[in-house]
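The values are calculated or read from the model by the stated rules, or taken from the named source; none is laboratory data. Note that the structure is a prediction, hence the values are computed from the model and not measured. Cβ sites come from the backbone with ideal geometry, for glycine too, and all protein chains shown count toward neighbours. For the accessible areas, the whole protein counts, side chains as well, though only heavy atoms, and no ligand, DNA or RNA atoms are used. Shrake-Rupley method; radii C 1.70, N 1.55, O 1.52, S 1.80 Å.
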Amino acid sequence: MPARGGSKRLPGKNIMKLGNIPLIGHSINYALANSTIIDKIIVSTDDIKIKEVALSYGVEVVDRPTKFSGDKSPTLEAVKHVLDTEKTLWKNVILLQPTNPLRPEILLSKAYDKFISGDFKSLFTVSKTCRKFGIIEKESFKPYNYKFGERSQDIEKLYFENGLLYITKTSLIQQNILIDEHAFPFEISHSFANVDIDTKEDFEYAEYLYGKYNGS
């Protein structure tokens, strides 16, 4: 679990309370609930407060160097640093991002079964969108996946990487690849797929969904 502490748009987001549970706590609890699949839970962070919260859940923490903790530092660098630090040859790595705290209970078991049975090197979750996309060039909007006047149900369907989970063979990560060109796109249709917390508005939406699915 990569959880740096330097968020600018929503400071301290990884330990903000979502339903009285720190944001990172949701992903840790999810991993703990899937102990038949996950052998070890490791949080990678550069932040002492995040470290304290993670340790309170009884999981291991790897201190992430500053050079791997910037705004533009790829997640892959943090994952590789953990593997290099641990020096353990795990077969696969499951990546759970704290900023995607809400996941269907059976998502990981289904995704992992697909990953194993299909003998893929990597898998990531995606969701379908029926929105009409386009680009703006020289103050002119140019449709991308539809034509003006076309009905929404008739447009070309696109998919987005929702960030709920990633599974990758360790050997692939050692080649500096997190998702390879043959990665299996595991489709999920759930409102949780629209939660990716970067702003206050994102967090408020997560609070709404958390309350909706937990009866509050």
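Quick check: anything in region 188-196 within 19 Å of LYS114 (Cβ to Cβ) and open to solvent by 30 Å² or more (accessible area, probe 1.4 Å)? Before you say what the answer is, go through the steps one by one.
Within region 188-196, the subset within 19 Å of LYS114 (Cβ to Cβ) is 188-190, 192-193.
Next cut, open to solvent by 30 Å² or more (accessible area, probe 1.4 Å) only: 189-190.
Taking every residue of region 188-196 in turn, at least one turns out to be within 19 Å of LYS114 (Cβ to Cβ) and open to solvent by 30 Å² or more (accessible area, probe 1.4 Å).
Filtered by the rule that a residue be in contact with a helix residue (DSSP H, G or I) (Cβ under 9 Å, 6 or more places away or on another chain), surrounded by fewer than 16 Cβ atoms within 10 Å (Cβ to Cβ) and closer than 20 Å to LEU23 by Cβ, region 58-88 gives GLY58, GLU60, ASP63.
One line per residue, one yes/no per condition, for (1) farther than 16 Å from ILE94 by Cα; (2) among the charged types (D, E, K, R); (3) modelled with pLDDT under 95; (4) out of contact with any Pro (no Cβ under 9 Å at 6 or more places or on another chain):
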position: CYS130; (1), (2), (3), (4): yes, no, yes, yes
position: ILE136; (1), (2), (3), (4): yes, no, no, yes
position: SER140; (1), (2), (3), (4): yes, no, no, yes
position: LEU158; (1), (2), (3), (4): yes, no, no, yes
position: THR170; (1), (2), (3), (4): no, no, no, yes
position: HIS182; (1), (2), (3), (4): yes, no, no, yes
position: GLU187; (1), (2), (3), (4): yes, yes, no, yes
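Considering region 111-126, and only residues there that are in contact (Cβ under 8 Å) with a residue 12 or more places away in the chain and part of a helix (DSSP H, G or I), the residue that is nearest to ILE197 (Cα to Cα) turns out to be ALA111.
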